[in-house]
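The values are calculated or read from the model by the stated rules, or taken from the named source; none is laboratory data. Small disclaimer: the values here were computed from a predicted structure and weren't measured. Cβ placement follows ideal geometry from the backbone for every residue including glycine, while neighbour counts extend to all protein chains displayed.
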Amino acid sequence: MSTSAPTHPIPAAELLLAEAGWHTIDCISDLHLQQDGATWQTLRHYLRQTPAQALFLLGDIFEVWVGDDVLDDAGHAFEQQVADELATLAARGCQVLLMHGNRDFLLAQAFCERARARMLPDPSVLQLPDGERVLLSHGDALCIDDVAYMQFRQTVRNPAVQQQFLQQPLAARVAMTQQMRAQSDARKNALGVEGYADVDAELARAWLLAHDATTLIHGHTHRPGEHALQQPQDRCALRRIVLSDWELEPGHGPQRAQVLRWQAGSPDWQRLSPAAAAV
C-alpha cells in the first residue's frame, strides 16, 4: 500500500439519485471493443435482452477512441454500430450512463447524442432507493503507485493537449493511437496483469469516507473481486467491488465477462454471466 495516498486530492463527485422505476441496475466496464467478434456479439445480445432500467458503462467501452468524428467516417462503421445499439437500448426505456476510461476518454457529446447516453464525471455517487450511497469510478485514478501512468494521465487529460490531438487529421490520430497501443500491449505482455499497480486501498477508503459512501465499484484493473476497506475506527463496513473485463476472443487468454447487477429486494449486488443477465 502506498504511504503517499493522503497527499492525493480527493475529487468532487456528482450525486445521482436512482429513479423510483430503477428496479434493476447493471454495471459493466472494460469491454475494449475494437471490432466485430465474440465480445461484441455477446455484448450485443445482452444489450438487446437485459431487463435493466439503468446501465452504467464505467469506462473503456472501446479499446481506443480517437474522436467523435469517427461517427461520420465510413471507415468506422463498427463504432457507429455500437452507438446505435446503445441508442436502441435507451429507446426501450433503459438509461445509458457512461464514464470515461483510460482508453476512451475522448468520448464526447456527439457520441452521447447518437447513443442517447449521459456522460458521468469520474467519480460519481449513485444513491440507491434504500439510501445506500455507491461510489462509481473507472478506477485508474486510484492506481497511484504507477507513477509513469499517472504522469501520462495528467498530460492526456489536459484539455489543451486533447484539443491539439483532435485537430490532427483522423488518419494521423489513428496511426498515433495504434503506435501507443502497440507499446501498451508490449508492456502488458511483459508484466502481465499482476505486474500492474492495483488500486491504492488507503486512497480508495479516503474517497469513500469523503463521499459518505460504503461501496466503491470500479473497473480498470482487470482483477474482478471484492475487497474490504474498513478500519476499526470506521462506523460501517467499507468495500470495493472490482468489475470484470470482457475478453471472449479466441486465442486471447482466459475468457471472461460479467455483469454486476443490483435488483430491488436482493440483499446485495450479484455477478452474472452476460447470458444470465440477458433474461
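Number of residues in the range 13-28 that are touching a Pro at 6+ places or on another chain (Cβ under 8 Å), closer than 26 Å to I144 by Cα and loosely packed, with under 13 Cβ neighbours inside 10 Å: the value is 1. The set of residues in the range 217-268 that are under 20 Å from I61 (Cα atoms) and among the aliphatic types (A, V, I, L, M) comprises I217, I241, V242, L243, L248, A257, V259, L260. Give the residue that is surrounded by the most Cβ atoms within 10 Å (Cβ to Cβ), with candidates limited to residues of the range 29-49 that are in contact with a helix residue (DSSP H, G or I) (Cβ under 8 Å, 6 or more places away or on another chain) and outside any helix (DSSP H, G or I). Here the residue is L31. The set of residues from the range 245-266 being crowded, with 21+ Cβ neighbours inside 10 Å and in contact with a strand residue (DSSP E or B) (Cβ under 6 Å, 6 or more places away or on another chain) comprises V259, L260, W262. For the range 95-144, filtered to residues that are β-branched (V, I, T) and over 19 Å from H211 (Cα atoms), the residue that is modelled with the lowest pLDDT is I144. In the range 143-156, the residues that are under 18 Å from V242 (Cβ atoms) reach residues that are in a helix (DSSP H, G or I) and small (G, A, S) with C-beta atoms within less than 9 angstrom, at least six apart or across chains, in these pairs: I144/A5.
Identify all residues within the range 30-66 that are closer than 24 Å to H218 by Cα, more than 17 Å from the chain's Cα centre (by Cα) and small (G, A, S); write none if there are none. The answer is A38, A52. Checking each residue in the range 182-206 for being at pLDDT 80 or above and not β-branched (V, I, T) picks out A197, D198, D200, A201, E202, L203, A204, R205, A206. Residue under question is E63, and the condition is that it be crowded, with 20+ Cβ neighbours inside 10 Å, of a type in the set (D, E) and either farther than 26 Å from L17 by Cα or in contact with a Ser or Thr (Cβ under 9 Å, 6 or more places away or on another chain) (or both); does it hold? Against the criterion (crowded, with 20+ Cβ neighbours inside 10 Å, of a type in the set (D, E) and either farther than 26 Å from L17 by Cα or in contact with a Ser or Thr (Cβ under 9 Å, 6 or more places away or on another chain) (or both)), E63 does not qualify.
For the range 233-251, the condition of being closer than 22 Å to I10 by Cβ, of a type outside the set (D, E, K, R) and in contact with a helix residue (DSSP H, G or I) (Cβ under 7 Å, 6 or more places away or on another chain) holds for at least one residue.
Filter the range 227-244 down to the residues that are surrounded by fewer than 14 Cβ atoms within 10 Å (Cβ to Cβ) and either closer than 24 Å to R48 by Cα or not charged (D, E, K, R) (or both) and list them by number. Hits for the range 227-244 are A228, Q231, P232, Q233, C236, A237. Inside the range 256-271, residues that are of a type in the set (K, R) and touching a Phe, Trp or Tyr at 6+ places or on another chain (Cβ under 7 Å) make up a count of 1. Could you please give the count of residues in the range 1-44 that are among the hydroxyl-bearing types (S, T, Y) and at pLDDT 95 or above? The number of residues fulfilling the criteria is 4. Can you list residue pairs whose Cβ atoms sit under 6 Å apart, with the first residue in the range 224-244 being under 14 Å from W207 (Cβ atoms) and among the polar types (S, T, N, Q) and the second being surrounded by 13 or more Cβ atoms within 10 Å (Cβ to Cβ) and modelled with pLDDT of 95 or more? Count only pairs 6 or more apart in sequence or on different chains. Correct list of pairs: Q230/L238. Within the bounds of the range 13-21, is there any residue that is more than 22 Å from L142 (Cβ to Cβ), free of Cβ contacts under 8 Å to residues at least 24 places away in the same chain, outside any loop (DSSP other than H, G, I, E, B) and not acidic (D, E)? No, the range 13-21 contains no residue that is more than 22 Å from L142 (Cβ to Cβ), free of Cβ contacts under 8 Å to residues at least 24 places away in the same chain, outside any loop (DSSP other than H, G, I, E, B) and not acidic (D, E).
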